[in-house]
Amino acid sequence: IIRATFEKKIMTVTEIAPDFYRISTYIPEIDIQFNQFLIRDDEPLLFHTGHRAMFPLVRDAVASIIDPSTIRWLGFSHFEADECGSLNEWLQVAPTAEPVCSMVGALVSVNDFADRPAKGMADGEILHTGKYRFRLLHTPHVPHCWEAGLLFEEEHKTLLSSDLFHQSGEVEPLTESSIMERVRQTLVDYQAGPFANYMPYTQHTEQTLHRLADLQPKTIAAMHGSTFIGHGERALRDLATIMREVLVS
């Protein structure tokens, strides 16, 4: 079903910050956007590979910006099809590429699945791609899975937020308007359907979100929905409240 769904879809490419590109595909059958983020630098980084079935589309979109074979880092939050499903296809296309994820992710899943071993990063460790510095934050179960981690780019203060700030629908590539009502509604809708509890809430969730807020991001690059440009600290603290209200009640 996934393979058929992705056939003949059109991807849009938007520069959301200098050298930062959002590659997006809207799937109306499930009312969701799948976004990958390409960072053009001395050592290019692709955050989220997309599903295996999406690989030709994502590869062609990347090729409109850089040579896909020059990708150096393949990053993702956690082990899931839309995060890293086409990881091995990318490793074949880009001969010097390495997966990059949390240390736990590398040890429990990625080093077994991937054709080449991952760079498993410790909490707070920095990945240098040239002009840019990416800090890896361990975020267990935020958004999903015990190996979850997020990358924060320190030059532009961009948080690659994975499923956090998920917004359903075919929405604009980036916005300076608040996305929090969309985020709340998506959580409410998911709780009422077959994907209830897809985003867990633990005793550490609020603490983790406030730790991310302390980074004071200026851009939040969501995997599903619009990229938000604005007061990222406030958005993350609001998200902590919304998740508690929707997921704990």
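The values are calculated or read from the model by the stated rules, or taken from the named source; none is laboratory data. Computed from a predicted structure; not experimentally measured. Note that we place each Cβ from the backbone using ideal geometry, even for glycine, and neighbour counts take in every protein chain shown. For the accessible areas, the whole protein counts, side chains as well, though only heavy atoms, and no ligand, DNA or RNA atoms are used. Shrake-Rupley method; radii C 1.70, N 1.55, O 1.52, S 1.80 Å.
By average Cβ neighbour count within 10 Å, what is the ranking of 211-220, 151-160 from highest down? Show your work: numbers first, answer last.
Details: 211-220: 18.8, 151-160: 20.5.
Ranked by mean Cβ neighbours within 10 Å, highest first: 151-160, 211-220.
Expressed in nm to one decimal, what extension gain is obtained for the pair Tyr198 and Ser249 from 0.36 nm per residue of sequence separation less their Cα-Cα distance? Please list the in-between numbers first.
On the way: separation 51, 0.36 × 51 = 18.36 nm, distance 1.53 nm.
Separation in residues times 0.36 nm, less the Cα-Cα distance, equals 16.8 nm.
On a C-alpha basis, how far is the centre of the range 178-249 from the centre of the range 55-104 in Å? Whole number, if you could?
What the calculation gives is 26 Å, centre to centre.
Compare the peptides 9-16, 113-120, 179-186, 99-106 by average per-residue count of other Cβ atoms within 10 angstrom and give them in order, highest first.
Numbers: 9-16: 14.8, 113-120: 16.4, 179-186: 18.8, 99-106: 24.4.
Descending packing order for the listed peptides: 99-106, 179-186, 113-120, 9-16.
Assuming a strict under-26 Å limit between Cα atoms, what lysine pair count do you get for the chain once near-sequence pairs (fewer than 8 apart, same chain) are dropped?
Working: Lys119/Lys131; Lys119/Lys157; Lys131/Lys157; Lys131/Lys218; Lys157/Lys218.
Lysine pairs meeting both conditions in the chain amount to 5.
For Tyr198, what accessible area in Å² do you get when you roll a 1.4 Å probe over the heavy atoms of the protein chains, rounding to the nearest 10?
Per-residue accessible area (Tyr198): approximately 50 Å².
Ignoring everything except DSSP H segments at least 4 long, calculate the 222 nm mean residue ellipticity for the chain; use -39,500 (n - 2.57) per segment, divide by total residues, nearest 500.
Details: 7 runs with 63 residues, N = 249.
Calculated mean residue ellipticity at 222 nm is -7000 deg cm²/dmol.
Extent of the range 100-167 along each principal axis, from alpha carbon coordinates, in Å, largest to smallest?
Principal extents (largest minus smallest coordinate, Cα): 34, 31, 19 Å.
Which percent, nearest 5, of DSSP beta bridges in the chain are antiparallel? Mind dumping the intermediate values first?
Working: 30 of 45 bridges.
Of the beta bridges lying entirely in the chain, close to 65 percent run antiparallel.
Relative to the present Cα-Cα distance, how much length would full extension add between Asp123 and Glu172 at 0.36 nm per residue of separation?
On the way: separation 49, 0.36 × 49 = 17.64 nm, distance 3.25 nm.
Working it through step by step, the gained length comes to 14.4 nm.
Run the simple label-point estimate for Ser69 and Arg234 please: 7 Å along Cα→C-beta, distance reported in nm.
4.9
Starting from the exponent 0.38 and prefactor 2.2 Å, build the expected Rg for the chain from its residue count and divide its actual Cα Rg by it. Each step should come with its number before you reach the end.
On the way: Rg = 16.6 Å, N = 249, 2.2 N^0.38 = 17.9 Å.
Against the compact-globule rule of thumb, the ratio is 0.93.
Quick one: pull the percent of accessible area on the chain belonging to carbon and sulfur, 1.4 Å probe, ligands and nucleic acids left out. Spell out each step's value before the answer.
Working: 5390 of 10430 Å².
Solvent-exposed carbon and sulfur of the chain make up 52 percent of the total.
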